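The block underneath contains the structure these notes are about, expressed in structure tokens.
The values are calculated or read from the model by the stated rules, or taken from the named source; none is laboratory data. It should be emphasised that the depicted structure is a prediction, and the values quoted were computed from it without experimental measurement. Every residue, glycine as well, gets a Cβ built from its backbone with ideal geometry; the counts of neighbours run over all protein chains shown.
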Amino acid sequence: MSKLVIIGGGASGLAAAIAAACTIQAKQRADKHLEVVLCEAADRVGKSILATGNGRCNFSNSNPDPCYYWNGEFVGRVFEALESTSSLCQSECVDHMAAAPFGHVAVADNVPLRFFDSLNLAWREEAQGKLYPLANKSSVVLDVLRARIQTLGICELCEQRVVSIRRNDDGYTLSLSSGETMDAAVVVLACGGRGIEQIKLPAGCATKLGKPVLGPLRVSETSLVKSLDNVRVRSAARLLDESGNLTSTEIGEVLFRPYGVSGIAIFNLSRLIAYKDQVIELDFIPALKDEDALEFVMRRATQCQALGYGVSAETILRGLVLPPVARAIVKAAHISSHLPFQQRDGEALAKTLKHFVLHVQGIGDERQCQVMRGGLDVASFNVQTLEANKLPGLFACGEALDVDGPCGGFNLHWAWASGLLAGSQAALKACDLS
Ligand SMILES: Cc1cc2nc3c(=O)[nH]c(=O)nc-3n(C[C@H](O)[C@H](O)[C@H](O)COP(=O)(O)OP(=O)(O)OC[C@H]3O[C@@H](n4cnc5c(N)ncnc54)[C@H](O)[C@@H]3O)c2cc1C
């Protein structure tokens with residue numbers, strides 16, 4: 001029996017498998033002995049999905065603009081290709097036209113959302129367009145995918161790690177960690193950013209060295225951040241280059257760790273860290289302009305006097321930030337608590353509240369990074385089909401390709417979208433070959 005093998009049963013692999021089986025079914029080729037096989041290294045498929053969104057699975061975003069992605073031009077063209085081919089390949093799973101189900105998200109021009117609507121997944125929209133299953137559990141997303149995998153008769157091969165892929169006369173031979181081999185007419189690489197580094201690929205598949213991103217950052221001010229371990233603040237976080245020019249700003253929660261800073265705002269900035277000694281500035285009063293910060297501080301000083309507290313940097317910060325954060329700000333501003341508070345202390349306090357400087361040393365804890373930058377070079381793949389230019393019958397999707405996006409559902413959206421395109425195109429190819 002001829003096989004279409006998908007390597008990796010994570011987000012993109014499950015979408016690819018469903019799209020492939022639907023496409024084969026729509027072409028009424030199921031009887032021609034073309035089998036869709038999902039080959040997964042772990043003991044079950046979809047484990048990576050369960051861990052997403054703190055167990056809630058931020059599975060997509062209502063505005064998946066390609067400009068948010070690394071290799072965004074490629075991503076935009078893949079999204080366009082998916083839109084234009086989804087009505088051509090006549091697979092029920094991507095051709096379903098649905099009315100907006102929940103959260104007022106228009107699904108008409110969004111194939112991954114139409115796909116999930118067709119699987120009966122209900123969802124809702126949270127801040128910044130983040131989409132979560134209505135049941136608020138990632139297991140629900142996996143449930144709808146697995147249910148469809150079963151009704152389509154897709155073969156799940158778990159605890160089967162693909163070690164290497166080589167070309168043969170009819171397609172590809174996959175070597176498995178069990179020592180066995182498996183022949184495939186067509187292969188889809190859906191093994192994620194870490195997985196792709198561990199497979200020996202056939203010549204003609206260019207890869208870029210992977211580096212973990214979308215994670216916490218290590219900074220040189222260790223004694224300062226250690227004193228704030230586990231404290232969360234809402235602030236603006238600005239990334240500056242070595243000349244002090246602004247690279248990017250994120251507003252949101254920042255979590256202090258003993259080695260540095262974490263939280264969604266920091267995760268997003270971590271995608272832009274290019275070298276050591278970039279600077280992160282936390283702004284604890286982002287609603288105020290720099291020129292208004294001193295007046296703000298001195299007004300609070302006057303208020304402290306009126307309240308009978310005595311004027312000090314600590315009393316001025318009381319009610320504005322948590323006590324450990326106040327102590328860290330006073331320390332960073334080099335204000336002595338033993339001397340009377342003066343105008344120049346007010347200036348230092350105002351400046352530090354707006355510009356709490358941390359020097360970035362790199363990623364803080366690689367295990368916490370949500371994606372890998374790098375992997376298969378997108379230039380080696382046909383943007384209409386996700387087939388390798390020099391390796392006919394070898395397709396790729398998801399994080400195995402050198403694509404990543406910020407937090408907010410963008411990475412899973414890419415996984416579904418690229419999986420649907422690669423899966424349906426791989427099936428068309430396999431049907432032509434069989
Ligand atoms: C903690 C965490 C939380 C996240 N939360 C979100 C979120 O809320 N929203 C969002 O959009 N993104 C989130 N992401 C990112 C998102 O999970 C990934 O971008 C997405 O899962 C990538 O899909 P993929 O199919 O390419 O890879 P994966 O989902 O990682 O799947 C790859 C699969 O391939 C298998 N595999 C690997 N190598 C082999 C091999 N040699 N042979 C066989 N099988 C193999 C793996 O076991 C795995 O099952 C999160 C990531 C992490 C780590």
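Within region 119-142, is even one residue touching a residue at least 40 places away in the same chain (Cβ under 8 Å), of a type in the set (Asp, Glu) and under 30 Å from Leu433 (Cα atoms)? No: region 119-142 contains no residue that is touching a residue at least 40 places away in the same chain (Cβ under 8 Å), of a type in the set (Asp, Glu) and under 30 Å from Leu433 (Cα atoms).
Being modelled with pLDDT of 95 or more, more than 25 Å from Phe79 (Cα to Cα) and hydroxyl-bearing (Ser, Thr, Tyr) is the requirement here; does Ser178 meet it? It is false that Ser178 is modelled with pLDDT of 95 or more, more than 25 Å from Phe79 (Cα to Cα) and hydroxyl-bearing (Ser, Thr, Tyr). Is it the case, given these coordinates, that His338 is away from the ligand (no atom under 16 Å from the Cβ), closer than 25 Å to Val261 by Cα and surrounded by fewer than 21 Cβ atoms within 10 Å (Cβ to Cβ)? Taking the combined requirement at face value, the residue does not satisfy it. Scanning region 195-240 for residues that are within 13 Å of Ile273 (Cα to Cα) and not charged (D, E, K, R) returns Pro212, Val213, Leu214, Gly215, Pro216, Leu217, Val219, Leu239, Leu240.
With respect to the conditions (1) in a strand (DSSP E or B); (2) of a type in the set (A, V, I, L, M, F, W, C); (3) within 18 Å of the chain's Cα centre (by Cα); (4) farther than 18 Å from Gln128 by Cβ, Ile280 lacks only one, and its number is (3). Taken together, Leu394, Leu421, Leu428, Leu412 contain a single residue that is in contact (Cβ under 8 Å) with a residue 12 or more places away in the chain, on the phi < 0 side of the Ramachandran plot and either of a type in the set (S, T, N, Q) or away from the ligand (no atom under 15 Å from the Cβ) (or both), which is Leu428. Per the listing Glu295, Glu347, Glu281, Glu291, the residue uniquely buried (at least 16 other Cβ atoms within 10 Å of the Cβ) and not aliphatic (A, V, I, L, M) is Glu281.
Are any of the residues in region 264-272 within 20 Å of Thr352 (Cβ to Cβ), buried (at least 20 other Cβ atoms within 10 Å of the Cβ), in contact with a Gly (Cβ under 7 Å, 6 or more places away or on another chain) and of a type outside the set (A, V, I, L, M)? Within region 264-272, none of the residues are within 20 Å of Thr352 (Cβ to Cβ), buried (at least 20 other Cβ atoms within 10 Å of the Cβ), in contact with a Gly (Cβ under 7 Å, 6 or more places away or on another chain) and of a type outside the set (A, V, I, L, M).
For region 223-263, filtered to residues that are small (Gly, Ala, Ser) and crowded, with 20+ Cβ neighbours inside 10 Å, the residue that is farthest from Cys407 (Cα to Cα) is Gly260. Count of region 232-242 residues, restricted to those that are more than 24 Å from the chain's Cα centre (by Cα) and not charged (D, E, K, R), is 0.
Of everything in region 342-387 that is of a type in the set (A, V, I, L, M, F, W, C) and touching a Cys at 6+ places or on another chain (Cβ under 9 Å), the residue that is farthest from Val321 (Cα to Cα) is Leu386. For the criterion of being of a type outside the set (Asp, Glu), surrounded by 20 or more Cβ atoms within 10 Å (Cβ to Cβ) and part of a loop (DSSP other than H, G, I, E, B), Ile316 fails. Taking region 56-89 as the range and being within 30 Å of Asn136 (Cα to Cα) and among the aromatic types (Phe, Trp, Tyr) as the test, the residues that pass are Phe59, Tyr68, Tyr69, Trp70, Phe79.
The residues of region 22-72 that are surrounded by 24 or more Cβ atoms within 10 Å (Cβ to Cβ), more than 8 Å from the ligand (Cβ to nearest atom) and closer than 19 Å to Met182 by Cα, listed by number, are Val36, Leu38.
Of the strands (runs of 3 or more DSSP E) lying entirely inside region 133-232, those carrying at least 2 residues that are away from the ligand (no atom under 14 Å from the Cβ) are 162-168, 171-176, 207-213, 217-219.
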